[in-house]
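Here, each number is a calculation from the coordinates, and none is a lab measurement. In this text, all values refer to a predicted model and were calculated from it rather than measured experimentally. Cβ coordinates were reconstructed from backbone atoms using ideal geometry, including for glycine residues, and neighbour counts include every protein chain displayed.
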Amino acid sequence: MMNHEIAIFAGGCFWCIEPVFSQLKGVKKVTSGYIGGHVSNPTYKDICTGNTGHAEAVRIEFDPSEVKFEKLLEIFFVSHDPTTPNRQGHDIGTQYRSAIFAQNQYQKEVARQFIENINQSGYFQDAVITEVNDNFEFYDAEDYHQHYYANNPNQPYCLAVAAPKVAKIRKLFEELLK
């Protein structure tokens, strides 16, 4: 039986986060969804109001013998701007915040240490403001959001925002690609 673990990251629109992780060895499944809010079974329309408290996020099922949580964290931080509160590019609102939803104490400690190390290194001009949260209930997004980039590669938003993120990870982490 495969050894699978879960990581949940929010870093802007899930259309842009999902394809970054889907291309990696050891990643078995990536699901777009909503997490961190106070409304049960939210819809895309609900979370777009910014009133539910949810973030757009991805739930990553991975095999830690093939890709470590620490490597997923590194890719997460390289693939989005973790220094801007409640925004990624032109996407603005609490649903686009940068957050990690730790599945256990180990993930929480590793994520906090990772952020501290990044901030001390000066890698980013501004401080990383990524939230490190306990796990919340994750709600799968509607079917049309799943694998959106793969299904709509020529959609203007995908071309302008998601494609450059995918290309950046392909260039920087070539050895980790499927």
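What the table shows:
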{"read-out": "Estimated inter-spin distance, residue 125 and residue 147, nm [label 7 Å along Cα→Cβ]", "value": "3.9"}
{"read-out": "Set 29/178; 28/171; 108/168; 68/108 screened for pairs whose C-alpha atoms are more than 18 Å apart", "value": "28/171; 108/168"}
{"read-out": "Between the range 102-171 and the range 44-88, the Cα center-to-center distance that results, in Å", "value": "3"}
{"read-out": "Beta bridges per DSSP with both ends in the chain, % antiparallel, nearest 5", "value": "85"}
{"read-out": "Calculated from backbone phi, Karplus (6.51, -1.76, 1.60) coupling profile of the range 121-132 in Hz, x at Gly/Pro", "value": "6, x, 3, 9, 4, 9, 5, 6, 10, 4, 6, 10"}
{"read-out": "Reachable aspartates and glutamates from residue 165, criterion Cα separation under 18 angstrom, eight or more residues apart if same chain", "value": "18, 56, 74, 81, 91, 174, 175"}
{"read-out": "Projected label distance in nm at residue 45 and residue 83, using a 7 Å step from Cα toward the beta-carbon", "value": "3.9"}
{"read-out": "Structure-based [θ]222 nm, the chain - -39500 (n - 2.57) summed over DSSP H runs of at least 4, per residue, nearest 500", "value": "-9000 deg cm²/dmol"}
{"read-out": "Expected-Rg normalisation [2.2 N^0.38 Å, Cα atoms] applied to the chain", "value": "0.96"}
